[in-house]
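Asker: One structure, as structure tokens, below. Some questions next.
Only the coordinates and a few stated rules stand behind these numbers; no lab work does. A quick note: this is a predicted structure, and the numbers were derived from the prediction, not measured. Neighbour counts are summed over all protein chains in view; Cβ atoms, including those assigned to glycine, are modelled from backbone coordinates with ideal geometry.
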Amino acid sequence: MPYRTSLASQIEARLSDYIRSPNTPTDLRGLAQTLGALPIYADLGGCLLIRPNCELLEVEWDDDSEPTNLIEPRERSVALVLGAEKYPELSALLPPRPADVRDCVHCGGKGRIHLPEIDAPPLCGPCGARGWIDRAMALDAYGATVHPLAEGEPFSIVRNLEGDVAVAVCDGSASWGPGFEASRLGGRVIAETLLQSTDRTPDRMRRAFTNAQRSTVDAFYKKEEFSPSYGAVAAYVTPEAACIGWAGDCFACVVRQAQIVHYTGEEAKALPHQNVWATAIVGDDRDPETVLMDIAGPWDLQSGDYLLLGSSEVEIAESAEPDIGGYTYTSPRHAVERMLEAAHRAQPQREHSLVAIRVV
């Protein structure tokens, strides 16, 4: 589009001036030259940059890894709001407010959280500092693992342009074979299949678990060794509902106003595949079409709800820790950190994983 061509020229000019300016810090000048990107915001944690093609990058000072492309809608929005304060032309990349969206309940439509005795109110994360929530920003997700026993994460979170989220959490703790390694592959395959498949959601869930078993067989099964097995729980989530699939003893639940309103443990009582060992995904040479799993939902979701998906022992630790807040959380990260902290205290030698999704 014409404005993009004009904006690219403006960014290129800004970048050239930034590199030549004697007032530019040496480290930021080197970063701009290396990445071909204009720094638009920097603090003690890192730097945000934009390339002439409008690609947004994040560099963390204490991380030697490659720069991260910002693709999550909230992260992009916050970066652009910060950048537009210094370079006003970047505001052209922020979408206009549609007529049918609602004010963000966290900032009251202001885009910033106004707190007593703070002169510079912080930007509002849930709405991307825009002051309003559209469908693409309605689901806020975060995941983490404590005491990892293999490289990578045993969970995967992916989303499409419409804002739907596909997530899978796997647990290889009970496997005698390479279950931890298999759980990493299984989580990625399940989440990506859920997002890419065009089947109806229940069929899509079955296909995702079948694909995960096939991938596990191809990658890890050796006849002379124990076969890898792992539990898994997955969800395809829209702002209105979640479809859940699980095999083994991983769990999912919806927390609404500090109360659990949906729970796989309750659903399993009425479903045929309750045996943990029978339902775990097993990476051997059995027919992948015989994968046993259970499906629940669609579970209804409301603004303020938390959908939690975790490995087997996390829920046990949560219920055994009355001091951690009675399922009251301030953000997905807060929920994950509190529950994993409790799980690690209860069983410090086990790998624990959890993903939390908040409906904003």
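Asker: For region 2-93, what does the alpha-carbon gyration tensor say about shape, rounded, prolate or oblate, given a ≥ b ≥ c as the root eigenvalues, a/c under 1.5 as rounded, and a/b over b/c as prolate?
Answerer: Oblate shape, in that a/c is at least 1.5 and b/c is the bigger or equal ratio.
Asker: Now for a separate question. Explain nothing, just compute: Karplus ³J(HN,Hα) = 6.51 cos²θ - 1.76 cosθ + 1.60, θ = phi - 60°, for every residue of region 79-91 in order, whole Hz, x for Gly and Pro.
Answerer: Listing the rounded values in order: 4, 6, 4, 4, x, 5, 5, 9, 10, x, 5, 5, 5 Hz.
Asker: Length gain on complete extension for the stretch residue 257 to residue 89, per 0.36 nm per residue less the alpha carbon to alpha carbon distance?
Answerer: My answer for the length gained is 56.3 nm.
Asker: Let me ask something additional. May I ask you to derive the relative contact order of region 97-136, considering only C-alpha pairs under 8 Å and at least 6 residues apart, and to give it as an integer percent?
Answerer: Value for region 97-136: 45 percent.
Asker: Loop sites only, by DSSP: take the chymotrypsin sites (Phe, Trp or Tyr not before Pro) in the chain that have at most 14 other C-beta atoms within 10 Å and name the longest stretch containing none of them. If you can, show how the numbers build up before the last one.
Answerer: Details: sites that count: 61, 176, 226.
So the longest stretch without any such site is 227-360.
Asker: Would you list 183, 21, 353 from fewest to most Cβ contacts within 10 Å?
Answerer: So the ranking, lowest neighbour count to highest, is 21, 353, 183.
Asker: Once you charge only the Cβ atoms, +1 for Lys and Arg and -1 for Asp and Glu, what is the size of the charge dipole of region 72-231 about its Cα centre, to the nearest 20 debye?
Answerer: The calculated dipole for region 72-231 is roughly 360 debye.
Asker: Mean separation of Cα pairs under 8 Å and 6+ residues apart, divided by the residue count of the chain: what relative contact order is that in percent?
Answerer: Relative contact order of the chain: 14 percent.
Asker: Candidates [x] 1.10; [y] 1.02; [z] 0.96; which is the computed Rg/Rh (Cα atoms, Kirkwood Rh)?
Answerer: [y]
Asker: For region 160-168, take each phi angle, set θ = phi - 60°, evaluate the Karplus expression 6.51 cos²θ - 1.76 cosθ + 1.60, and give the result in whole Hz per residue in order, putting x for glycine and proline.
Answerer: 9, 5, 7, x, 5, 10, 10, 9, 9
Asker: Round to the nearest 0.05 the FRET efficiency obtained for residue 203 and residue 110 when R0 = 56 Å and r is the Cβ-Cβ distance.
Answerer: For residue 203 and residue 110, the calculated efficiency is 0.80.
Asker: Which value in nm describes the separation of the simple spin-label points at residue 97 and residue 17, placed 7 Å from the Cα toward the beta carbon?
Answerer: 3.0 nm
Asker: I'd like the GluC sites (Glu not before Pro) in region 36-140 restricted to DSSP loop residues with at most 10 other Cβ atoms within 10 Å, sorted by number.
Answerer: For GluC sites (Glu not before Pro) across region 36-140 that sit outside H, G, I, E and B with at most 10 neighbouring Cβ atoms in 10 Å, the list reads 117.
Asker: So, one more: Using just the helices of the chain, give the 222 nm mean residue ellipticity in deg cm²/dmol: DSSP H runs with n ≥ 4 each add -39,500 (n - 2.57), and the total is spread over all residues, rounded to 500. Each step should come with its number before you reach the end.
Answerer: Values: 9 runs with 111 residues, N = 360.
Mean residue ellipticity at 222 nm (helix-derived): -9500 deg cm²/dmol.
Asker: Over region 155-266, what is the relative contact order in percent, taking alpha-carbon pairs closer than 8 angstrom and at least six residues apart?
Answerer: Contact order relative to length: 28 percent.
Asker: Pull up all non-local amide H partners of residue 111: gap of 5 or more, or a different chain, and H-to-H distance under 5 Å with H placed in the peptide plane.
Answerer: HN-HN under 5 Å from residue 111: 131.
Asker: Taking H as built 1.01 Å from N, whose amide H comes closer than 5 Å to the amide H of residue 102, not counting residues under 5 places away?
Answerer: 133
Asker: Residue 345 versus residue 149, label points 7 Å from Cα toward the beta carbon: distance in nm?
Answerer: 2.3 nm
Asker: Compute the length gained on full extension between residue 158 and residue 222: take 0.36 nm times their separation in residues and subtract their Cα-Cα distance, giving the result in nm to one decimal.
Answerer: 20.0 nm
Asker: Compute the long axis of helix 26-35 from its Cα atoms, compare it with the longest principal axis of the Cα atoms of the chain, and write down the angle in degrees, 0 to 90, nearest 10.
Answerer: Here the helix axis deviates by roughly 60 degrees.
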